[in-house]
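The values are calculated or read from the model by the stated rules, or taken from the named source; none is laboratory data. Values in this document were obtained by computation on a predicted structure and should not be read as measured data. All Cβ positions, glycine included, derive from the backbone under ideal geometry; neighbour counts span all protein chains shown. Please note that ligands, DNA and RNA were not included when accessible areas were found on the heavy atoms of the full protein model with its side chains. Shrake-Rupley method; radii C 1.70, N 1.55, O 1.52, S 1.80 Å.
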Amino acid sequence: MAAEKTAKLDVSESIKESPNRKVNLDNILVEEIGQFGRYQIRTLTLTVVVMIFVAWAATEYIFTTARIATRCLIPECEGSEAAEFSPAWISNAVPANGGSFDDCFRFDSINETIRSNVMCPAEWFNREKAVRCAEYVYENTNTVVYDYGLACDEWHRAFIGTARTFGVFLALPIVGFTSDRWGRRFALSLNAVNTAWLGTVRYWADTYYGFVISEIVEAAFGAGVFSCAYILVMELVGPEYRVAAGAMINTSFSIGQVLMALMASVVPNWRTLTLALFVPQFITISYFWIMSESVRWYLSKGRYKDAAEFLKNVARVNNRQLSDRSLQALKENAEAEKIRMASEKEMKAQEPWLIVLVFRNKAILTRCCISPVWWFTSALVYYGMTINAVNMSGDRYFNYMAVAAAEIPGYWIAVVLMARIGRKPVLIGAYWICGACQLGYIFLPQNMFALSLMVYLTGKLSIAVVMMSLYIYTSEIYPTRYRHTLFAFSSMIGRIGSMVAPLTPAFGAALFENFPSALFCGLSVLSGALVLLAPETLGTRLPDTMEEATVIGEKKTEHRV
């Protein structure tokens, strides 16, 4: 402890003795106000709460639009009012489907005369010819499938999830503009409140298209919460704790999914569940006052007084001291950074387009071709496995909770292994283990439920490792000047994967039952193989130029601090 205090005093003295020393926010976090003190813990706690709400909003459609078991209405044997779902005679009129009966077909009638209140014998039907239902009997009325008449209309049902994800895609530029113009805290609060009231309004959606539009609008104007909260935490936590903080944010999202499944099991009706999920989110109105603003946003806007007051408050709460000399150096550094960025912008205007630079550099071109495949695969498999969990045999609520909980160890495994064995082995191993699990799940007998679930959960854990690792690895293989643009390109392709994911149950119904698992297996194996074409980045510093990015991994450059 004494040595640690002496080291801190030495750092403080070095700052005082070097008035012209270049100081950035990371220096201040590490050397003066603390990388992960009480203030950061408070901010992370607030973020955990809002991440749980984000999980509810992002995945509620999995339960509100879930399949309902159906069968054909048999007018020869029953009336449309109060028809029993599974009468004793049903096997005479409806083909068998495994241990139950078919959802969408019935045997053709030999004589269509209505003869209700009888036992409906098999002789009344042509058991060699199956026809589609004209009307349906539903097992329950819990989801929109009943309200909007979506029995056996798998494409319309699955499209709701795709529409929701498209809304998230629209949210990116909206929240980017809002947060840059009025601040991260304002954008977070606005998006969170929009999620609350737009989600609540969905309770009154009386038509299919009204429901779809409500999903798109709520996502477009509310889904920016995740990125705002993530940035606020990452900007305030010191470098040594950022990966762990990111894992904690992802963990809270998974906890939110588990809690949502618990609520859905208690409140199965979709309208009541909608109120239970979205009304509590109105408490996020308070975030505009209790959440801190981004200090980096203050600096970017030239609001140095606000930035100084904020950092002094962080130091006070963390029981640390912040020198005025450091604040002045931080201000000067921020001004110099603005000048540098303006100069860089002018230089970029004179340079060839980025796409030309990429095509001139074979190594960067290769990464620009393969990294979008990684992101597409990870998003498709991650969300696809989550969505398909409710269609597995067994209790849908338990299956979903188990699959969501399986993500949590995956995030922390990624944190530990990436720092010890490298980025590539973690990604390759996780992709291929996921692919192997998908293949094994296809061939396991349906009656081996426990083993099938274990294999499925291992696959979900593996893709969670990939999701956590990709954010770090992709940012490390591109040069600083173009990192954000090239990273955003890969992420954008990943969004396409998340939009396709809700349609995978419909593809399975149209093609063959195990098509989603076969698709996930093939893409996981391919993506793992493509990682072999990229460099290892463990122990290397972030490249600043195209030339540095090209040779990364070929030789050990200076280690990150």
Checklist outcome for this item: Quick count over the range 200-229, residues being aromatic (Phe, Trp, Tyr), without any contact (Cβ under 8 Å) to a residue 40 or more places away in the chain and within 19 Å of residue 158 (Cα to Cα), is 1
Checklist outcome for this item: Among helices (runs of 4 or more DSSP H) entirely within the range 272-323, at least 2 residues that are open to solvent by less than 40 Å² (accessible area, probe 1.4 Å) occur in 295-300, 304-317
Checklist entry - For the subset of the range 237-250 comprising residues that are open to solvent by less than 10 Å² (accessible area, probe 1.4 Å) and not in a loop (DSSP other than H, G, I, E, B), which member is farthest from residue 287 (Cα to Cα)? => result 247
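Yes/no per residue for (1) within 18 Å of residue 516 (Cα to Cα); (2) in a helix (DSSP H, G or I); (3) modelled with pLDDT of 90 or more; (4) open to solvent by 40 Å² or more (accessible area, probe 1.4 Å):
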position	(1), (2), (3), (4)
430	no, yes, yes, no
437	yes, yes, yes, no
440	yes, yes, yes, no
445	yes, no, no, yes
454	yes, yes, yes, yes
458	yes, yes, yes, yes
462	yes, yes, yes, no
474	no, yes, no, no
Checklist entry - Does any residue in the range 493-518 that is crowded, with 19+ Cβ neighbours inside 10 Å come within less than 7 Å, Cβ to Cβ, of a residue that is assigned to a loop (DSSP other than H, G, I, E, B) and modelled with pLDDT under 90 six or more places away or on a different chain, and which pairs are these? => result none
Checklist entry - Of all residues in the range 261-271 being touching a Leu at 6+ places or on another chain (Cβ under 7 Å) and part of a helix (DSSP H, G or I), which is surrounded by the fewest Cβ atoms within 10 Å (Cβ to Cβ)? => result 263
Checklist entry - Is there a residue being open to solvent by 10 Å² or more (accessible area, probe 1.4 Å), within 30 Å of residue 313 (Cβ to Cβ) and either outside any loop (DSSP other than H, G, I, E, B) or modelled with pLDDT of 90 or more (or both) anywhere in the range 53-74? => result yes
Checklist entry - Considering only the range 476-488, how many residues are surrounded by fewer than 17 Cβ atoms within 10 Å (Cβ to Cβ), within 24 Å of the chain's Cα centre (by Cα) and touching a residue at least 12 places away in the same chain (Cβ under 8 Å)? => result 1
Item to check | Contacts under 6 angstrom Cβ, first residue in the range 265-287 being within 18 Å of residue 211 (Cα to Cα), partner open to solvent by 30 Å² or more (accessible area, probe 1.4 Å) and part of a helix (DSSP H, G or I), 6 or more apart | outcome: 271/203; 274/203; 275/203; 276/263
